[in-house]
1. With the condition kept exactly as written, say whether any residue in segment 14-28 is in contact with a His (Cβ under 8 Å, 6 or more places away or on another chain) and either more than 25 Å from residue 111 (Cα to Cα) or of a type outside the set (Ser, Thr, Tyr) (or both).
2. From (1) closer than 22 Å to residue 267 by Cα; (2) at pLDDT below 95, pick out the condition that doesn't hold for residue 55.
3. Checking the conditions here, which among 128, 58 is charged (D, E, K, R) and not assigned by TED's automatic domain parsing to the domain that holds residue 220?
4. Which fully enclosed strands (runs of 3 or more DSSP E) of segment 180-274 have 1 or more residues being crowded, with 16+ Cβ neighbours inside 10 Å and modelled with pLDDT under 95?
5. Can you find, within segment 134-179, the residue that is surrounded by the fewest Cβ atoms within 10 Å (Cβ to Cβ) among those that are among the aliphatic types (A, V, I, L, M) and not in a strand (DSSP E or B)?
6. Only one of (1) under 20 Å from the mean Cα position of the chain (by Cα); (2) hydroxyl-bearing (Ser, Thr, Tyr); (3) surrounded by fewer than 16 Cβ atoms within 10 Å (Cβ to Cβ) fails for residue 23. Which number is that?
Amino acid sequence: MTRFFKVHGNGNDFIVLDNRDGSLSKEALSSAAPLWCRRKHSIGADGLLVVEKASDADFTMRIFNADGSESDMCGNGARALARYAHHTGLAGASMTFKTGAGLMKATVTPPWVELDMGRIDLSKGTFDKKLRASDREFCYSSLVVGVSHCVLLLDEDLSTEEKRLMGREIRNNEALFPGGTNVSFVLPFGENEVRAVTYERGVEDLTESCGTGSAAVALVLSTVKGYGSPIRVHNPGGVNEVRFEYEEPSGVRVWLKGKTALVVSGDILEEAMA
């Protein structure tokens, strides 16, 4: 049996394992993630968050997607894991932890968690270009916010199935996005207010919320449309608020805030691996 916690950030849900003793190898975690993340047949989740030791931070966060691939960063996952760390006494209300995308800082005021995502380099991004998907042309921008994101600014909303099909097509467009990308569909609806849904690489489907996607959406709207800080990104599972401050010559510091929840803790039994 393996002890676990189930957490989520605005509906973006995760299984949490404590691997500070190093007993579970990368191979074991990569194999377990697709089995444990299956809906209905197992616990079900968008991904697996793993806590490991860190000599120069409170802990290290590792992220395994539902398909078993390992990712450098996940904004909602980082916020949800910070809530877990605070709840279990692993860290205080203010904490630092290591990720594949660098050192993150979080402040927990339950149920809210604000994540300091550090500095994003906009000089490596692509803004306000055109691409075709499903025989339609869209304005897109792409940038790395811990992981790769493609942001589509829509003039009118698309159906869920259209977003799913286009998200899958663009995610696998190796000519534009070597290694694949997350794809966010964005529809502004008010002053500094937008609706967004993200097709996530590794989950291979639309998710209830995407933290790094929300940050990418905010930065694209600021760069392309002149939106100011903060921007409220309404995902299907809840609202992520993104604050940002520009730094010369091409950097921007980003904070991501939203609700989190601790759902359940228990034991993973052998049949979950069948």
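1. Of the residues in segment 14-28, the ones in contact with a His (Cβ under 8 Å, 6 or more places away or on another chain) are 14.
Next, only the ones that are either more than 25 Å from residue 111 (Cα to Cα) or of a type outside the set (Ser, Thr, Tyr) (or both) stay: 14.
Yes, that holds for at least one residue.
2. (1) is the only condition that residue 55 fails.
3. Selected residue: 58, the only one of 128, 58 that is charged (D, E, K, R) and not assigned by TED's automatic domain parsing to the domain that holds residue 220.
4. 182-190, 261-268
5. Among residues in segment 134-179 that are among the aliphatic types (A, V, I, L, M) and not in a strand (DSSP E or B), the one surrounded by the fewest Cβ atoms within 10 Å (Cβ to Cβ) is 175.
6. Single failed check for residue 23: (1).
The values are calculated or read from the model by the stated rules, or taken from the named source; none is laboratory data. For clarity, every value in this text was computed on a predicted model and none was experimentally measured. Note that each Cβ is placed from the backbone with ideal geometry, even for glycine, and that neighbours are counted across all protein chains shown.
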